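Below you'll find the structure, written out as structure tokens, and then a few comments.
The values are calculated or read from the model by the stated rules, or taken from the named source; none is laboratory data. Not measured: the values here are computed from a predicted model. Virtual Cβ from ideal backbone geometry, glycine too; neighbours counted across all protein chains shown.
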Ligand code: G6P
Ligand code: MG
């Protein structure tokens, strides 16, 4: 039976994916690197330092900055990002999220979080939904970014469920890969996620009915 649903945060629960983009774009501009939202797709689900490395590679500046300079660039990005988070309120939840969280809870299924963002706890508080989560994987203890399954496995372990008993929800290609690699069923929100077990256009389509129908349609095949 389905025992848990594990959510990604940025781009699934709230639209911080765009705020990450704006902060990185501004830091990148300062070092002469331009990038657009298409390239930004490749940064979704990728940790802060790994994102910086990808941006430097994208701009042909790999190896140009030493460790200290890289930490400073990442710090600058985070300062800008954290400033932009000040505008987050309960109204910043993506459509349908509040409702689906309540429905999952009412069905007695556990809810977990698998975000590699070190800002995740502060964001959940700003959105006033931290109490909906029974367990949030600790990003500071995660070694490998998505698509590695590490963070989803940590979330399942913390919820005390097996990955085969859980659904993961993601907006990033690397995130869907991570869910699949963990052995969970994957739900992808948005375009370009053909490898998700269930693809939805928007969080509006998320509901307990859609998740439980997906779960039973897949478990019949086993
Ligand atoms: C999420 C986002 C990434 C971000 C990462 C780290 O995975 O999708 O864009 O780089 O978290 O976030 P942080 O807040 O720790 O810099
Ligand atoms: Mg995301």
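Quick notes on this structure:
- Per-region count, the stretch 151-178, residues over 11 Å from the mean Cα position of the chain (by Cα) and within 16 Å of ligand 2 (Cβ to nearest atom): 3
- Flag for residue 158 being modelled with pLDDT of 95 or more, in a helix (DSSP H, G or I) and surrounded by 19 or more Cβ atoms within 10 Å (Cβ to Cβ): yes
- Odd one out for residue 51 among (1) in contact with a strand residue (DSSP E or B) (Cβ under 9 Å, 6 or more places away or on another chain); (2) within 13 Å of ligand 1 (Cβ to nearest atom); (3) free of Cβ contacts under 8 Å to residues at least 60 places away in the same chain: (1)
- When restricted to residues that are assigned to a helix (DSSP H, G or I) and away from ligand 1 (no atom under 16 Å from the Cβ), the stretch 182-218 contains 13.
- Test: residue in the stretch 38-47 that is more than 11 Å from ligand 1 (Cβ to nearest atom) and either within 27 Å of residue 192 (Cβ to Cβ) or surrounded by fewer than 21 Cβ atoms within 10 Å (Cβ to Cβ) (or both): yes
- Any hit, the stretch 162-171, residues being under 20 Å from residue 18 (Cα atoms) and either part of a helix (DSSP H, G or I) or within 12 Å of ligand 1 (Cβ to nearest atom) (or both): yes
- Some residue of the stretch 124-144 being part of a loop (DSSP other than H, G, I, E, B), within 16 Å of ligand 1 (Cβ to nearest atom), surrounded by fewer than 18 Cβ atoms within 10 Å (Cβ to Cβ) and modelled with pLDDT under 95: yes
- Pick from the stretch 98-123, criterion within 16 Å of ligand 1 (Cβ to nearest atom) and within 13 Å of residue 5 (Cα to Cα), ranking: surrounded by the fewest Cβ atoms within 10 Å (Cβ to Cβ): 112
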